[in-house]
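The values are calculated or read from the model by the stated rules, or taken from the named source; none is laboratory data. On a predicted model such as this, the values are computed, not experimentally measured, just so you know. Cβ placement follows ideal geometry from the backbone for every residue including glycine, while neighbour counts extend to all protein chains displayed. The protein model used for the area step is the full one, side chains on, heavy atoms only, and it has no ligands, DNA or RNA in it. Shrake-Rupley method; radii C 1.70, N 1.55, O 1.52, S 1.80 Å.
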Amino acid sequence: MRRCPLCTSEETAPFYQDRKRCIYRCKRCMLLFADANSHLPPSAEVKRYRSANSKDKPLQQFLSSLITQCEQQVQGPLLGLNFGRLLNPQAIDAIKARGHQLNQYDPHFAPDHTLLRLEYDFICCYRVFEHFRFPGKEWQLLCSLLKPGGWMAISTQLLTELQGFPKWHHKNNLTHVSFYQQATFQYLASQAEFRLLFASKDLILVQKPTGSGITRDPSSLI
Ligand SMILES: [Zn+2]
């Protein structure tokens, strides 16, 4: 038995085995995850990231539509975080030209921890969640970095049918260790009391609630 790295449930079971690794399934949050014994050594993983195809163009488009959506809801400059995959400096400048600031954090290539002490209007995680070895820890971190009312846009391929897993090419990349279903994000959003605005194909959009609805009477502070 393996403890689920997302929701910590022990209700997990082996689900799929191939020559390289065993995949487990969590019955509570519906995450599928690779056995930790099969994870690549960190150096091999970083090497693969370096040689991986750049996803600059699609990431840029993904961010641009996220910002457009935020602009429709919030007046003024936005502070965003691009987490886990770096965008080129020209694209960052283009966002600046729109009047916004985008910080970038990557654990391997831009590990600036001071950026993880701020709060953001939006967070972008483009093709990142599938690489999380400790998705529960990462999810909690990301939730804590959002301002009330802030949005998190996640791009990761969702598994639509369990029985389709053996033929799912997405699982063949050994740096992909966590696999999500729509139900996984329904579970996460309800646990965090976030609004799940969208979870289909490979886009997930959640919003942090603006508050408990209880406002303090200013006179009580006197
Ligand atoms: Zn779980």
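Can you report the number of residues in the stretch 9-22 which are assigned to a strand (DSSP E or B) and within 14 Å of the ligand (Cβ to nearest atom)? Result for the stretch 9-22: 3.
Summed over the stretch 97-129, the residues that are over 19 Å from Pro42 (Cα atoms) and either among the charged types (D, E, K, R) or surrounded by 14 or more Cβ atoms within 10 Å (Cβ to Cβ) (or both) give a count of 17.
Residues in the stretch 23-59 that are in contact with a helix residue (DSSP H, G or I) (Cβ under 9 Å, 6 or more places away or on another chain) and within 16 Å of the ligand (Cβ to nearest atom): Ile23, Arg25, Cys26, Arg28, Cys29, Met30, Leu31, Leu32, Phe33, Ala34.
Annotation note: of His176, His170, the sole residue that is open to solvent by less than 30 Å² (accessible area, probe 1.4 Å) and in a helix (DSSP H, G or I) is His170. Looking only at the stretch 42-60, which residues are farther than 18 Å from Arg127 by Cα and open to solvent by less than 70 Å² (accessible area, probe 1.4 Å)? Ala44 - this is the single residue of the stretch 42-60 that is farther than 18 Å from Arg127 by Cα and open to solvent by less than 70 Å² (accessible area, probe 1.4 Å).
Contact annotation: residue pairs with Cβ atoms under 9 Å, 6 or more positions apart or on different chains, pairing a residue in the stretch 144-164 that is over 12 Å from Phe185 (Cα atoms) and open to solvent by 10 Å² or more (accessible area, probe 1.4 Å) with a partner that is in a strand (DSSP E or B) and among the acidic types (Asp, Glu), are Lys147/Asp121; Gly149/Asp121; Trp151/Asp121.
A quick yes/no check of all residues on (1) among the acidic types (Asp, Glu); (2) part of a loop (DSSP other than H, G, I, E, B); (3) touching a residue at least 24 places away in the same chain (Cβ under 8 Å):
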{"site": "Leu81", "(1), (2), (3)": "no, no, yes"}
{"site": "Ile92", "(1), (2), (3)": "no, no, no"}
{"site": "Gly99", "(1), (2), (3)": "no, yes, no"}
{"site": "His108", "(1), (2), (3)": "no, yes, yes"}
{"site": "Leu116", "(1), (2), (3)": "no, no, yes"}
{"site": "Cys124", "(1), (2), (3)": "no, no, yes"}
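If you go through the stretch 27-70 and keep only what is in contact with an Asp or Glu (Cβ under 7 Å, 6 or more places away or on another chain) and not in a loop (DSSP other than H, G, I, E, B), you end up with just Cys70.
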